[in-house]
Amino acid sequence: MNAALPIIALAVVLALGLGLWARAGHDMSLEQWTVGGRGFGTMLVFLLMAGEVYTTFTFLGASGWAYGKGGPTYYILCYLCLIYLISYWLLPPVWRYAKQNKLFSQPDFYAAKYESPWLGVLVALVGLVALVPYMVLQLKGLGIIVTTASYGAISPTVAIWIGAATVTAYVMASGVRGSAWNSVIKDVLILSVVVFLGLYLPYHYYGGIEPMFRAIDQAKPGFLALPERGQSASWFASTTLLTALGGWMFPHIFGSVYTAREANVFRRNAVFLPLYQLMLLFVFLAGFAAVLQVPGLKGPDVDLALFKLSIEAFPPWFVGVIGATGVFTALVPGSMILIAGATLVAHNLYRPLRPQATDASIGRLAKLATPLLALVCVGFTLQGGETIVQLLLMGYAFVTQLFPALLTSLMARNPLTKEGAAAGIVVGVGTVAATAIGGHSMTSLFPSLPGAIQDMNIGAVALALNVVVGLLVSLATRRAVSAQAMATK
Amino acid sequence: MKHVRWLVLLPFLGMLGGPFVLNRVEPLVFGLPLLLAWLVACVVASSAVMGVIYLCDPARSETE
């Protein structure tokens, strides 16, 4: 047995123990389980929100993209920063409305604002479809981390099953409190490890950061900038903006907003969270360090870049520490996803069918839905072959379609009716699905347009159609309602 | 002081517009490729801008 294995095992036991301990002294009602009794202060909300940042996506996906794509990777730094700038104005009114109306989930917000339970069901379905690739991403990352860090002693399949069982156990017991306390450990670990790797690896292999970039630029000219076509500047700007708009639309991120004690929590966090993103720079540096040291990784294997290099550079016990950190980066976001997903199933899909169900019975159902959801995600994980960033981009493309209806609902006079909001979401999600299944890009859809437009993220088309259809249907339904009112007079 | 909030457009413009004019590796700035250095500067500026907006925001003294 190598020295890495007991350290990784200790991380799993610690995550489980802390997750179960978080329940102490709290009666796990639906409100406690899903939104922590709406009593979290600046620090815990900060960590839950930052939990979005430091997932296996950051640890493996961002370093893997730095290794495989080069310059286009910088979009990750930008979109995560812009998400928090948007939060300053977006989150306080959302939190205030949710608190006044005692909402538990993201679909609740849409259902209440548009006075339409069925719009809530639609939003819940879109959220679930987007959450599955996000959870698959975490489990896939967990499999890579544990297998590589244990030097192959644990297979990815076994690692994924152990991870899913651990997170399911503490989610069922403690809900969002287990996630919050594990976030504390996770962020301390990942900050330390990422900064160390980002500085040590360039100095160890190249003698510094500048010599590393000079060596890469000499070996692969243009790799560190954006290409002229494809993932060009217009791809960069459109992808950054689209993912920033979709950032708060994931059900588990939206749900973390409800846990806050007061609205100022979001304003304070919006000041500090952009700076927190600079940790990504160290992830990029670690990924770039691998470019010339472990060449030849292709396709989904680019996600292995950070670990391949670490195994060459460090003794097994330290690889174990990196692996333990990776375990936390998968389990914490994974637990938030399971809580949000189970709440959607019980509270937003089952409850509209059984309106007389009590909060207590919905709470029990949510806990029972947790292992089922975990099983579905494990099934998809063991099937898939996408890279981690591709999985995340797919999830973002879906949830971004929920943004227009949210934004207009916060206006003094909402231009969208419930029918318009639903039609816009259906058309937007349908467009994303059709282009993903058909493998279409802007280039294949609009071959005669200028290159800068062809390079734009295809999600922009879906979002534009979403807005246009939403406004047209709203106009039509408003006219129909006023004509009906005139006729009855 | 309400106009202070429009400062938030600066980091947006810097991050979304920067790649169109600074899409180069050389010169390295603080050891980083030019484009990456610019985007890092935009992130730091974002925090500074949000700090100014927060300090000038009358809503921060409200307890909700």
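Values quoted throughout were computed directly from the atomic coordinates according to the rules given, and no laboratory measurement underlies them. Since the structure is predicted, the reported quantities are computational estimates derived from the model, not experimental observations. Heads up, the Cβs are rebuilt from the backbone with ideal geometry, glycines too, and the neighbour counts pull from every protein chain shown.
If I take R0 = 35 Å and measure r between the Cβ atoms of A:Ala483 and A:Ser448 in this structure, what FRET efficiency does the formula 1/(1 + (r/R0)^6) give, to the nearest 0.05? Could the numbers behind the result be given before it?
Numbers: r = 41 Å, r/R0 = 1.18.
The value I calculate is 0.25.
Estimate the FRET efficiency between B:Ala37 and A:Ala464 by the formula 1/(1 + (r/R0)^6), using the beta-carbon distance for r and 35 Å for R0, to the nearest 0.05. Could the numbers behind the result be given before it?
Numbers: r = 33 Å, r/R0 = 0.95.
Using R0 = 35 Å, I get an efficiency of 0.60.
Using +1 at the C-beta of Lys and Arg and -1 at the C-beta of Asp and Glu, which of A:Thr58, A:Gln293, A:Asn269 has the Cα lying farthest in the positive direction of the dipole of chain A?
Farthest along the dipole direction, towards plus: A:Asn269.
Using square roots of five times the C-alpha gyration tensor eigenvalues, list the equivalent-ellipsoid semi-axes of segment B:2-57 in whole Å, biggest first.
Working: eigenvalues 137, 28, 5 Å².
Working from the Cα gyration tensor, I get semi-axes of 26, 12, 5 Å.
Between 0 and 90 degrees, rounded to the nearest ten: what's the tilt of helix A:316-343 against the longest Cα principal axis of chain A?
That works out to roughly 10 degrees.
Give, to the nearest whole percent, the P(r) tail of segment A:162-212 beyond 12 angstrom, counting all Cα pairs.
Working: 901 of 1275 pairs.
For segment A:162-212, the share of Cα pairs beyond 12 Å comes to 71 percent.
According to the square roots a ≥ b ≥ c of the eigenvalues of the Cα gyration tensor, what is the shape class of the protein assembly as shown, taking rounded for a/c under 1.5, prolate for a/b larger than b/c otherwise, and oblate for the remainder? Provide the component values of the computation, followed by the final result.
Values: a/c = 1.61, a/b = 1.22, b/c = 1.32.
Here the protein assembly as shown falls in the oblate category.
Any of A:Lys140/A:Lys186; A:Lys99/A:Lys367; A:Lys186/A:Lys298; A:Lys186/A:Lys308; A:Lys140/A:Lys367 with alpha carbons more than 27 Å apart? Name them for me.
On the way: A:Lys140/A:Lys186 18 Å; A:Lys99/A:Lys367 23 Å; A:Lys186/A:Lys298 29 Å; A:Lys186/A:Lys308 22 Å; A:Lys140/A:Lys367 23 Å.
Checking Cα-Cα distances, A:Lys186/A:Lys298 exceed 27 Å.
Taking only C-alpha pairs under 8 Å that are 6+ residues apart, what is the relative contact order of chain A in percent? Present the calculation step by step, with values, prior to reporting the outcome.
Numbers: 757 pairs, mean separation 150.2, N = 489.
Here the relative contact order equals 31 percent.
Output the 0 to 90 degree angle, nearest 10, between the alpha-carbon long axis of helix B:34-55 and the longest principal axis computed from the alpha carbons of chain B.
The two axes meet at around 10 degrees.
Taking a ≥ b ≥ c as the square roots of the eigenvalues of the Cα gyration tensor of segment A:333-479, is the shape rounded (a/c under 1.5), prolate (a/b larger than b/c) or oblate? Write down the numbers at each step before the final one.
Details: a/c = 2.83, a/b = 1.26, b/c = 2.26.
It comes out oblate by the Cα gyration axes.
Answer rounded, prolate or oblate for segment A:70-114, using the Cα gyration tensor with square roots of eigenvalues a ≥ b ≥ c: rounded when a/c is under 1.5, else prolate when a/b is larger than b/c, else oblate. Let's see the in-between values first.
Numbers: a/c = 4.43, a/b = 2.66, b/c = 1.66.
Verdict is prolate for segment A:70-114.
Could you give the length gained by full extension between A:Glu312 and A:Phe272, i.e. 0.36 nm per residue of separation minus their alpha carbon distance, to one decimal place? Please list the in-between numbers first.
Working: separation 40, 0.36 × 40 = 14.40 nm, distance 3.53 nm.
Between A:Glu312 and A:Phe272, full extension yields 10.9 nm more.
For B:8-19, what's the mean count of beta carbons from other chains sitting within 10 Å of each residue's beta carbon?
Per residue, the average neighbour count from other chains is 5.
Under a Cβ-only charge scheme (Lys and Arg +1, Asp and Glu -1), can you give me the dipole magnitude of chain A about the Cα centre, in debye to the nearest 20? Walk me through the intermediate numbers first.
Values: 27 positive and 17 negative charges, 246 e Å.
So the magnitude is around 1180 debye.
Charges on Cβ only, +1 for Lys and Arg, -1 for Asp and Glu, centred on the Cα centroid of segment A:4-389; of A:Gly334, A:Leu122, A:Ala15, which one is farthest towards the dipole's positive end?
Value: A:Leu122.
Show me, bin by bin at 10 Å from 0, the whole-percent P(r) of segment A:167-322 based on Cα pairs.
Taking all Cα pairs of segment A:167-322, the binned fractions are 8, 26, 33, 24, 9, 0 percent.
Return the average number of partner chain Cβ atoms within 10 angstrom of each residue Cβ along peptide A:73-80.
Numbers: counts 1, 9, 3, 0, 6, 11, 1, 1.
If you average over the peptide's residues, the count of other-chain Cβ atoms is 4.
Mind ranking A:274-282, A:9-17, B:21-29, A:395-403 by how tightly packed they are, going by the mean number of other C-beta atoms within 10 angstrom, highest first? Walk me through the intermediate numbers first.
Working: A:274-282: 21.0, A:9-17: 17.7, B:21-29: 14.9, A:395-403: 26.6.
The peptides rank, most packed first, as A:395-403, A:274-282, A:9-17, B:21-29.
At B:Arg5 and A:Ser361, where each label point lies 7 Å from the Cα along Cα→Cβ, what is the point-to-point distance in nanometres?
Reported label-point gap for B:Arg5 and A:Ser361 is 4.4 nm.
If I take every Cα pair under 8 Å that is 6 or more residues apart in segment A:415-489, average their sequence separation and divide by the length, what percent do I get for the relative contact order?
Working: 64 pairs, mean separation 38.5, N = 75.
Value for segment A:415-489: 51 percent.
Once each part is reduced to its C-alpha centroid, what is the distance from segment A:206-225 to segment A:107-155 in angstrom?
Each part reduced to its Cα centre gives a spacing of 37 Å.
Over every pair of different alpha-carbon atoms in segment A:415-489, take the mean of 1/r and invert it; report that Kirkwood radius in Å.
On the way: mean 1/r = 0.0721 Å⁻¹.
Result for segment A:415-489, one decimal place: 13.9 Å.
Between 0 and 90 degrees, rounded to the nearest ten: what's the tilt of helix A:176-206 against the longest Cα principal axis of chain A?
Taking Cα atoms only, the helix is inclined about 40 degrees.
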